[in-house]
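For reference, the structure discussed in these notes is given below.
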Amino acid sequence: YYDGETKSYQNGGADYLAQSTLTYPNFDLSTLSFNYGVANGTTLTGTFDGNTQPYKITIADGATVTLADVIFKPVDSENTKWAGINCAGDATIIVKDGTINQVFGMYDEYPAIYVAGEANNSNNNKTLTIKGGTKGTGKLTASPFDGGKDDSTGAGIGGASHFYGQTIGSIEIQ
């Protein structure tokens, strides 16, 4: 159901979203008008403009999501203090063959893709796996939002540089 207060869709939770039998059509990010929890099997397409779409995009724990010609246009706003794509837990991103994808953090020095960790438990960190398509011809550029500065210390994939001590999960690129 649609939650009008948080402007997001809610359902049976992470276990439901992570089911491998669910299939979803392409979701065009240019049409996004609410915080979006990306379900397992979703293919993201289109241009996401942080200036006109101040929404948070979060991949569900355990979900596999495909990027197919995705472009993020960041905004440096106090209202968008998060990464371009946030992983709620273990996640897999597949870069579709023949596509060019550009993801940026939405706020000063936030990463393009945030990988969650488990506080005080380095043996239980979450893992983001990034895979190419069957031919490996897709491209993914992941850059922190640097506010036009040349000296950004944010990560492309990982965590925000200004939260010293923040627990970050693991990243596997295949």
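The values are calculated or read from the model by the stated rules, or taken from the named source; none is laboratory data. This one's a predicted model, so the numbers in the text were calculated from it and none came from an experiment. Reconstructed Cβ throughout: ideal geometry from the backbone, glycine too, with neighbour counts over all protein chains shown. With ligands, DNA and RNA removed, areas are computed over all heavy atoms of the protein, side chains included. Shrake-Rupley method; radii C 1.70, N 1.55, O 1.52, S 1.80 Å.
Miscellaneous remarks
- Count Lys and Arg as plus one, Asp and Glu as minus one, and take only other residues whose Cβ is under 13 Å from that of Lys96; the net charge is then +1.
- Packing, taken as the mean count of other beta carbons within 10 Å per residue, orders the peptides 32-39, 74-81 from highest to lowest as 32-39, 74-81.
- Interchain or long-range residues, amide H under 5 Å from Ile57's placed H: Tyr36, Asn86
- Segment 50-144 - accessible surface per residue (Å², probe 1.4 Å): 43 Å²
- Backbone phi angles across segment 97-104, fed through the Karplus curve with coefficients 6.51, -1.76 and 1.60 (θ = phi - 60°), yield HN-Hα couplings of 3, x, 10, 10, 10, 10, 10, 10 Hz in residue order; Gly and Pro are listed as x.
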